[in-house]
Amino acid sequence: MITAEQVREALKEVYDPEIPVNIVDLGLIYNIDVTPENSVRVTMTLTTPGCGMGTFIAADARSRVEEIEGVKEAAVELTFEPPWEPSLMSDDAVRLLGGPID
């Protein structure tokens with residue numbers, strides 16, 4: 001069976017072209033559901049609702065999930081509830097972007 005951790009690792013290969021940090025470390029992944037039949041649904045957001053690259057990022061995320069051996073079907077849903085905020089970023093992302101770590 002596919003695990004959420006496998007999906008998360010695959011999603012670490014997806015980047016917003018305008019930000020040099022992967023979408024997992026940016027905190028854009030809200031939920032990963034994997035069914036017993038190995039169908040995967042990812043719920044994610046973007047840093048802003050008006051992000052012009054949203055369709056590209058979601059398609060790249062879906063493609064990366066589909067590349068995981070054994071995945072039967074993959075879907076990526078974009079949501080803006082709750083809205084993304086910088087506190088969702090990992091410490092690594094904050095460091096990469098030059099921010100302070102609390």
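Among what's in segment 51-87 and is among the acidic types (Asp, Glu) and under 12 Å from the mean Cα position of the chain (by Cα), pick the residue that is surrounded by the fewest Cβ atoms within 10 Å (Cβ to Cβ). Break it down into steps so the answer makes sense when it comes.
Going through segment 51-87, the residues among the acidic types (Asp, Glu) turn out to be 60, 66-67, 69, 73, 77, 81, 85.
Among the residues that remain, those that are also under 12 Å from the mean Cα position of the chain (by Cα) are: 60, 77.
Working: ASP60: 19, GLU77: 12.
If we take residues in segment 51-87 being among the acidic types (Asp, Glu) and under 12 Å from the mean Cα position of the chain (by Cα), then GLU77 is surrounded by the fewest Cβ atoms within 10 Å (Cβ to Cβ).
If we scan segment 7-16, do we find a residue that is on the phi < 0 side of the Ramachandran plot, touching a residue at least 12 places away in the same chain (Cβ under 8 Å) and among the β-branched types (Val, Ile, Thr)? Checked segment 7-16: at least one residue is on the phi < 0 side of the Ramachandran plot, touching a residue at least 12 places away in the same chain (Cβ under 8 Å) and among the β-branched types (Val, Ile, Thr).
Each row is one residue, and each column tells you yes or no for (1) within 23 Å of SER87 (Cβ to Cβ); (2) among the polar types (S, T, N, Q).
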site	(1), (2)
LYS12	yes, no
ASN22	yes, yes
VAL34	no, no
MET44	yes, no
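Within segment 28-50, the set of residues being crowded, with 20+ Cβ neighbours inside 10 Å and under 25 Å from ARG95 (Cα atoms) comprises LEU28, ILE29, MET44, THR45, LEU46, THR47.
For segment 88-100, taking the residues that are in contact (Cβ under 8 Å) with a residue 24 or more places away in the chain and outside any loop (DSSP other than H, G, I, E, B), the one that is surrounded by the fewest Cβ atoms within 10 Å (Cβ to Cβ) is identified as ASP92.
Each reported figure results from applying straightforward, stated rules to the coordinates on display, with no laboratory input. Quick caveat: nothing in here was measured; it's all calculated off a predicted structure. Glycine gets a Cβ as well: all are built from the backbone with ideal geometry, and neighbour counts include every protein chain shown.
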